[in-house]
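The values are calculated or read from the model by the stated rules, or taken from the named source; none is laboratory data. Please read all numbers here as calculations on a predicted model, not as lab measurements. So basically every Cβ, Gly included, is an ideal-geometry build from the backbone, and we count neighbours across all protein chains shown. These accessible areas exclude ligands, DNA and RNA; they are computed on the full protein's heavy atoms, side chains included. Shrake-Rupley method; radii C 1.70, N 1.55, O 1.52, S 1.80 Å.
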Amino acid sequence: MSFSHNMDDEYEKFIRRMNPPGIVIDNESCKHATVIQVDCAKKHGILLEVIQILTDLNLIVTKAYICSDAGWYMDVFNVVDQEGNKIKDEDLLDYIQKALESDLDFTSSIRRSVGVKSLIDHTSIELIGNDRPGLLSEVSAVLTHLKCNVVNAEVWTHNTRAAAVVQVTDEETGAAITDQGRLSMIKKLLCNVLNGSSRSREAKTVVSHAVTHAERRLHQMMFADRDYERDIDEVFDQKHRPNVSIVNWYNKNYSVVTIRCKDRPKLLFDVICTLTDMQYVVFHGSVNAEGPEAHQEYCIRHIDGSPMKSDAERERVIHCLEAAIERRVSEGLKLELCTNDRIGLLSNVTRIFRENSLTVTRAEVTTRGGKAVNTFYVRDASGYPVNTMIIESIRQSIGQTILQVKGIPQDLKQVPQDSTRFLFGGLFKSRSFYNFGLTKSYT
């Protein structure tokens, strides 16, 4: 068996040497977008890798055409920057070219995992548990108490569950935390925080030093947590739900997935990530997101070569795609914080949010060159529209030039007053850490 796998690897390497990937970046053929054409040998997950590179560079895909024929992928992406303009910066164009060529060069590692890279100088903490008021603030406070500095974090909430990928360093050394006793204590106390007083569903904490793609890991974590399952009697807001349908094209042996929903950044990544992790292969596809609504259509098969075999399988895929689209929906008021990074910054900011009865529905925390660049989506914990006076009070506390309001979504005026969904944030002025095991000092 080992000999057979080695022969397969050598054959794949030979094929790719004879047919190296081709990347063409064209700024002439389309008036409103930069066109990127990718030709490469077909491999499960390769489409996701390409889309991951584009989204990580904050490029917006307005159109895409995906086609595979005889073991070869031919993909075309129309992309623009965050302002909706063509990519004209020569350095960025060159970087895109090299990034795609490097990522599509499989001769050095045929069987690598998508989004998994080498070890670096931080410790990665993965958290998942029941969402409830004050959770993000409490997690941040525990990490500060344990002398952990948060350098990057991605936080999502969906269907009463909360998940986060947090990268921390040692407060004193600025390096990864390697002491096993300390790591065990971090894991134990964070588990206590996640569990709180509720034992209805399992909470999990994983500590590692491997670098993973945070957004892909969040999809994987919430999928494994089955956040796509809903109560039968739950009332859906059909107006805001994505429209996902699947039919079998028996003549071609495909299952055809059609998605219509409000467009937003990284929507394409979220869909392809979910299909890939569910072991489906996209053979053909088209994406149109030039207006406020996105339309995506894919011809897929399971990795074993078959279309979907039952109504139950189709329903499960539909629910999983709906969940993947909903996880990153930015509910609430967008706040951006930019200031010099310091120990305990995230804990202080989220404490102020909690004390002012704001919940955080999603958060992105990054550190760039000693600067903290954080984005929070917040809502009033009671379900009412966010009070502008409270926001101004918070800005005065944190610093008006440090914390900026980046937009007021229309749906804030339509938030139900009796909300049963508990999101990251808090309702209470303070909270005791007695139940979380923080009454003693662990140094």
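For segment 54-80, the candidate set comprises residues that are open to solvent by 40 Å² or more (accessible area, probe 1.4 Å) and in a loop (DSSP other than H, G, I, E, B); within that set, the residue that is modelled with the lowest pLDDT is A70. Taken over segment 143-175, residues that are under 23 Å from the mean Cα position of the chain (by Cα), part of a loop (DSSP other than H, G, I, E, B) and surrounded by 18 or more Cβ atoms within 10 Å (Cβ to Cβ) amount to 1.
Just need a number here: residues in segment 196-213 that are closer than 22 Å to R226 by Cα and open to solvent by less than 30 Å² (accessible area, probe 1.4 Å). Qualifying residue count, segment 196-213: 4. Here E315, E326, E297 are screened, and the one residue that is closer than 27 Å to E229 by Cβ, among the acidic types (D, E) and crowded, with 18+ Cβ neighbours inside 10 Å is E326. State whether the residues of segment 316-323 include one that is over 30 Å from V386 (Cβ atoms) and assigned to a strand (DSSP E or B). Looking through segment 316-323, none of the residues is over 30 Å from V386 (Cβ atoms) and assigned to a strand (DSSP E or B). Screening the candidates A312, A324 for the property of being more than 26 Å from D75 (Cβ to Cβ) and either within 23 Å of the chain's Cα centre (by Cα) or modelled with pLDDT of 95 or more (or both) yields one hit, A312.
Scanning segment 286-309 for residues that are over 21 Å from the mean Cα position of the chain (by Cα) and either assigned to a helix (DSSP H, G or I) or among the aliphatic types (A, V, I, L, M) (or both) yields a count of 3. One residue stands out among those in segment 367-382 that are buried (at least 20 other Cβ atoms within 10 Å of the Cβ) and not basic (K, R): the one that is farthest from V139 (Cα to Cα), which is D380.
Table: residues versus (1) within 27 Å of D231 (Cβ to Cβ); (2) part of a helix (DSSP H, G or I); (3) open to solvent by 40 Å² or more (accessible area, probe 1.4 Å); (4) at pLDDT 95 or above.
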position	(1), (2), (3), (4)
T359	yes, no, no, no
V365	no, no, no, yes
Q396	no, yes, yes, no
D411	yes, yes, yes, no
